[in-house]
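Peer 1: Got a structure for you, questions after.
The values are calculated or read from the model by the stated rules, or taken from the named source; none is laboratory data. Treat the numbers as computed from the prediction; the structure is a model and nothing was measured. In this analysis, Cβ positions are derived from the backbone assuming ideal geometry, glycine residues included, and neighbour counts consider all displayed protein chains. For accessibility, only protein heavy atoms count, side chains too; no ligands or nucleic acids. Shrake-Rupley method; radii C 1.70, N 1.55, O 1.52, S 1.80 Å.
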Amino acid sequence: MINAGESHSKQVTTMVYRGLYVGRFQPFHLGHLDAIKYALKEVDELVIVIGSAQYSHNANNPFTAGERLVMVRQALLEAGVDYSKLWIVPVPDVHLHMLWVSAVEGYTPKFSVLFSNEPLTKRLFMEAGYEVKNIPLFERKVYSSTFVREKMAKDDSWTEVVPKSVSNFVLEIDGVNRLRDLTRTDRVS
């Protein structure tokens with residue numbers, strides 16, 4: 001006789017080889033997209049961490065975590081990336097390096113490998129026992145969020161270095177004017 005809580009078959013679980021990719025995405029650009037596509041070729045699933053999730057409305061972090069979630073999602077859908085292989089998780093900063101990996105682990109599904117070129121991030125995850133893989137850099141001087149923000153602030157052409165869906169979204173939320181306002185000062189010289 002089988003009790004109501006028992007099952008006829010054992011549940012078989014398979015280990016998913018899951019990677020982690022961390023970025024602030026301020027804003028999401030074509031270099032990020034290239035990195036994600038690269039990582040997805042190496043793993044079954046990829047966790048994309050939106051780092052510094054608590055920050056917004058300053059010159060280095062003009063966009064909210066929610067806005068960055070929209071940018072990442074829309075860019076990946078626009079690029080035809082298989083969304084069933086992705087997790088997108090906002091993670092706030094922990095200002096103690098020795099605790100940061102534990103914080104990331106607490107916010108994300110289990111993962112086995114980190115994809116990053118950022119030296120501190122690589123070091124922290126390596127010391128925590130994770131496999132760490134470099135990502136081929138995709139025209140790093142052009143595809144950097146700092147560079148994109150600088151172009152936005154100077155009213156220089158920036159839309160060609162981000163996915164179309166991202167440029168449309170930034171314009172829709174008046175993100176360029178927000179960034180310009182955030183770079184101004186009321187100090188008298």
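Peer 1: Looking at this model, which pairs from 122/164; 141/164; 122/154; 37/122 are more than 28 angstrom apart at the alpha-carbon?
Peer 2: Flagged as over cut-off: 122/164; 122/154.
Peer 1: With θ set to phi - 60°, apply the Karplus curve 6.51 cos²θ - 1.76 cosθ + 1.60 along the range 125-132 and write out the HN-Hα couplings as whole Hz, x wherever there is a Gly or Pro.
Peer 2: 6, 5, 5, 7, x, 8, 5, 10
Peer 1: Where does each of 93, 174 land when they are ordered by accessible area, with a 1.4 Å probe and the largest first?
Peer 2: Ranked list, largest accessible area first: 174, 93.
Peer 1: How far apart, in nm, are the 7 Å Cα→Cβ label points at residue 103 and residue 16?
Peer 2: Using points 7 Å along Cα→Cβ, the separation is 2.5 nm.
Peer 1: In nm, to one decimal, how far is the residue 110 label point from the residue 127 one, both placed 7 Å along Cα→Cβ?
Peer 2: Roughly 2.5 nm, to one decimal.
Peer 1: So how far apart, in nm, are the two label points at residue 41 and residue 79 if each is 7 Å from Cα heading toward Cβ?
Peer 2: Label at residue 41, label at residue 79, 1.2 nm between them.
Peer 1: Do you know the relative contact order of the chain, to the nearest whole percent, from alpha carbon pairs under 8 angstrom that are 6+ apart?
Peer 2: 27 percent
Peer 1: What does the accessible area per residue of the range 126-176 come to in Å², with a 1.4 Å probe and no ligands, DNA or RNA counted?
Peer 2: So the range 126-176 comes to 59 Å² accessible per residue, rounded to a whole number.
Peer 1: Let me ask something else. Calculate what fraction, in whole %, of the accessible area of the range 23-156 sits on carbon and sulfur atoms when a 1.4 Å probe is rolled over the protein chains.
Peer 2: The nonpolar share, carbon plus sulfur, comes to 53 percent.
Peer 1: Sequence-distant or interchain residues sharing an amide H contact under 5 Å with residue 86, placed H: which?
Peer 2: Correct list: 46.
Peer 1: For the chain, what is the mean residue ellipticity at 222 nm derived from helices alone (per DSSP H run of n ≥ 4: -39500 (n - 2.57); sum divided by total residues; nearest 500 deg cm²/dmol)?
Peer 2: Helix contribution divided over all residues of the chain: -11500 deg cm²/dmol.
Peer 1: When a/c reaches 1.5 or more, the comparison of a/b and b/c decides; with that in mind, is the chain rounded, prolate or oblate per its Cα gyration tensor?
Peer 2: Because a/c hits 1.5 or more and a/b exceeds b/c, the chain counts as prolate.
Peer 1: May I pose another question? Per residue, what accessible area does the range 67-124 have, given a 1.4 Å probe and all protein chains present, in Å²?
Peer 2: Averaged over the residues of the range 67-124, the accessible area is 54 Å².
Peer 1: Hey, another quick one. Residue 87 to residue 171: FRET efficiency via 1/(1 + (r/R0)^6), r the Cβ-Cβ distance, R0 22 Å, to the nearest 0.05?
Peer 2: For residue 87 and residue 171, the calculated efficiency is 0.20.
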